[in-house]
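Read the structure below first, then the notes.
The values are calculated or read from the model by the stated rules, or taken from the named source; none is laboratory data. These numbers were taken from a predicted model, which means no experiment stands behind them. Backbone-built Cβ (ideal geometry, glycine too); neighbour counts: all protein chains shown. Areas reflect the complete protein model, heavy atoms only, side chains present, ligands, DNA and RNA absent. Shrake-Rupley method; radii C 1.70, N 1.55, O 1.52, S 1.80 Å.
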Amino acid sequence: MTSTCPRPPAGSAGPPERGRIGVHRANRRTVLKTAAFGAAAGLFPLSGCGHGGGTANIRFESTKPETIPYFGGLINRFNKSQSGVHAVHDSTTSLIASFVRGNPPDLDCDNYNITTSIFLARGVLSDLADLPEAKRIDPKVQSLVGQYATYEGQVNVLPYSVTAAGVIYNVEMFDKYGLSVPKTWSELIEVCEKLKAKKITPIYATYKDPWTIQQGLFDYVSGGMINVASFYKKLKAQGTDVGPDSEVSFERTFTPATEKMLQLAKYANPDAGSRAFADGTAAFAAGKAAMYLQGPWAIGTIAQANPKLKIATFALPATDNAADTKCRVNLDLALWIPKSTSQRAAAVKLLRYLMQPSVINTYNQQNLAFAPVKNAPSVRDKRIAGVESFVRSGRFYQGAGTYVPTVIPIGNYLQEMVLSGNGRAAMRSLDKDWRRLAKRSAA
């Protein structure tokens, strides 16, 4: 179904979880333009979608490629279930462009990340705190929203789907060599050494795609050693005072973690520098390594290549205290309603439909994700069951790399780190870029 509202042309998809807003990869110029527009206008103009025959017409935007057919069918079922609201599913518009052009969707369901949080921080999203659905969200999950941005204590974004990433491993290979899932860093290294002695590649790495280093090696190890949210809160509070001598800096705080990252990198395939994500999923599916530092988005591809391969996931332990172990999570989908919509009641009606237990729980069960609501049912898919206890107990973190604005090329620095073996230099580069960005923001 095609929206009758004017729409800007679609953008291009970016790598998983970094800078994706709708199908548009945000750059600094676009983000600043959006922020400036919102600040100048106070709030964005109305979308322009009118009424027809007593029916409220609204635009629902959800652009995550693999979920487009699902939500398309869901919106059709919603429209058939009642007569007061008619929703159209927009799967191609850039969210940033729609805000800039004064025509944001009435309800959005997309990835919530550092770039999306700009809208929240500017106060252009509705406060949803009064909705019963907001009170059903697990507070531990809701707190993830505020780690990027807040606005006057409001609840402007409701998590819809949580994905948890860890180490995907070959269950039959672990069983064959008598290996147990490691609970500590020393046990992880011991597993790697045993596999290496058997001429098995312990970890398949894909350094040709920098984002895979960021979301895997960098986020996993640092997240298990550092309080990521607290670090960035203190870093922002320091303003432009960022460097090796400051109380908080990438070089000072993250260098011990980078040493462990480089230690773990020694157990990767020798040709990791020339291998990309697609190569990694194919190789792992073919049994060419025992472990793969990827999230659930890789599981479907692996299963397509080798449906018989038995795999599971565990949270990477980064210290020798098992209680420190956490898993990396992200708000793969979240719901928000722009203040500027003239159809808030209709948008809320669709939101409440999507938040029904039979709808939200089914979506997450079918998409290797976790429902963010209280008393959510246990996951049925054994491939992600190994990280469920971490999600339910709140032992999780949003990746350290996800807090870095897209204008800073963190992936490139990490790529240089694993290829050169110099972690301190990579962290020093991050400090310099963060300091320059802080100075520009303060000007």
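Key figures
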{"read-out": "Single unsatisfied condition, ASP431 versus (1) out of contact with any strand residue (DSSP E or B) (no Cβ under 6 Å at 6 or more places or on another chain); (2) charged (D, E, K, R); (3) open to solvent by 20 Å² or more (accessible area, probe 1.4 Å); (4) modelled with pLDDT of 95 or more", "value": "(3)"}
{"read-out": "Selection from the range 284-302 of residues that are in contact with a strand residue (DSSP E or B) (Cβ under 8 Å, 6 or more places away or on another chain) and either closer than 19 Å to LYS64 by Cβ or open to solvent by 10 Å² or more (accessible area, probe 1.4 Å) (or both)", "value": "GLY287, LYS288, LEU293, GLN294, GLY295, PRO296, TRP297, ALA298, ILE299"}
{"read-out": "Residue that is surrounded by the most Cβ atoms within 10 Å (Cβ to Cβ), among those in the range 192-211 that are out of contact with any Gly (no Cβ under 7 Å at 6 or more places or on another chain) and part of a helix (DSSP H, G or I)", "value": "CYS192"}
{"read-out": "Filter pass, LEU309 being open to solvent by less than 60 Å² (accessible area, probe 1.4 Å) and part of a helix (DSSP H, G or I)", "value": "no"}
{"read-out": "Selected residue (criterion: surrounded by the most Cβ atoms within 10 Å (Cβ to Cβ)) from residues of the range 238-266 that are part of a loop (DSSP other than H, G, I, E, B) and among the polar types (S, T, N, Q)", "value": "SER249"}
{"read-out": "Hits in the range 381-413 - residues which are in contact with a Leu (Cβ under 8 Å, 6 or more places away or on another chain), part of a helix (DSSP H, G or I) and among the aliphatic types (A, V, I, L, M)", "value": "ILE410"}
{"read-out": "So ALA425, is it surrounded by fewer than 20 Cβ atoms within 10 Å (Cβ to Cβ), in contact with a Gly (Cβ under 6 Å, 6 or more places away or on another chain) and farther than 25 Å from ILE168 by Cα", "value": "no"}
{"read-out": "Candidate set from the range 173-190 (those that are closer than 15 Å to ILE203 by Cα and not hydrophobic (A, V, I, L, M, F, W, C)); member that is least open to solvent (accessible area, probe 1.4 Å)", "value": "PRO182"}
{"read-out": "Single condition SER83 does not satisfy, out of (1) among the small types (Gly, Ala, Ser); (2) in a helix (DSSP H, G or I); (3) in contact (Cβ under 8 Å) with a residue 24 or more places away in the chain; (4) open to solvent by 20 Å² or more (accessible area, probe 1.4 Å)", "value": "(2)"}
